[in-house]
Amino acid sequence: MSAVRRERNDGSRTGRRVRRALTAALLVGGGLLGVAASPSPSPSGGNEAPTEAGTAFRTATPLQLGQGATAEASTGDYLYWVLPLDSGQRATVQASVTLPAAAGRHSASTWQLDVYDGLRRRQPCTYGAQTGTAARDAAAVDLSCTLRPVRSGADQWANDPLPGAYYLRLTVTDLAQEDLGQPVRVRVRAQAQDVGGAYAADNALAAPLVPAAGTTSTIAPADGWAGTWWSDRWLWTAAGGVLAALAGIGGYRLTRGAGRPGRVPPTA
């Protein structure tokens with residue numbers, strides 16, 4: 001009887017150890033995955049918001065993520081801003097154009113918001129109203145463009161967005177000739193969401209795509225450019241390894257049994 005009780009006690013202790021090990025594995029894995037999935041806030045520019053826009057790529061007004069910008073312009077002008085985007089960020093750009101008084105306008109107007117990367121390649125919008133038409137009596141028109149996630153590297157033939165400077169260009173594309181030159185007020189804002197290692201690439205650029213001349217030569221994120229090798233895929237890999245190791249230990253403890261029963265002689 002004592003041998004049977006001893007077996008039961010050993011089995012219960014083994015079960016408790018297995019449960020504790022599995023609980024610890026779940027806590028460790030959940031903590032690591034929670035860190036990997038938590039989005040990082042978009043940095044805000046510490047300087048005052050820009051109140052003007054450039055008229056070309058080389059004179060684009062620098063803009064930080066989370067920072068709003070305003071500009072007074074005339075219909076027909078090309079307005080440019082530039083902001084830094086790092087790997088793992090999915091940016092959304094919003095623009096609002098306050099139109100002149102309806103009494104002085106002759107027709108509807110169509111506005112367009114374009115985004116170009118550091119190589120001046122036009123980047124497509126995954127969703128958002130990139131082009132908007134305002135009726136003759138409309139007071140404003142709102143535009144939006146959400147880009148693809150920025151990758152740390154890409155093939156030479158690909159048009160994937162890469163870390164570096166990104167240019168915003170806003171202009172009117174269709175309106176009556178008589179309405180050219182009328183005053184408008186523009187508001188622009190850019191934000192980014194950290195998508196993590198889901199879009200990480202094995203290769204990486206040696207340096208961000210930032211032109212060496214013009215107003216963009218010194219542009220950089222508020223907290224600096226990210227490293228080229230780190231992504232939260234390392235956390236997922238570590239969490240998977242820990243869970244696999246603990247699951248193996250738990251399975252071994254469950255299947256090995258309590259050993260030789262005490263009532264069986266060693267020579268049997």
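Read-outs throughout are calculated quantities, based only on the coordinates presented, and are distinct from any laboratory measurement. Keep in mind the model is a prediction, meaning the values are calculated, not measured. Quick reminder, even Gly has a Cβ in these numbers, built from the backbone with ideal geometry, and neighbours come from all protein chains shown.
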Within-15-Å neighbourhood charge of His106 [Cβ basis; K, R +1; D, E -1]:
-2
Residues of segment 79-115 with the amide nitrogen closer than 18 Å to a label point 7 Å from the Cα of Asp137, along Cα-to-Cβ, please.
99-109
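At 0.36 nm per residue, and after removing the present C-alpha to C-alpha distance, how many nm does the segment from Ala129 to Thr255 gain when stretched out fully?
39.4 nm
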Percent of Cα-Cα distances greater than 13 Å, calculated over segment 61-108:
69
Which value in nm describes the separation of the simple spin-label points at Trp157 and Trp225, placed 7 Å from the Cα toward the beta carbon?
2.7
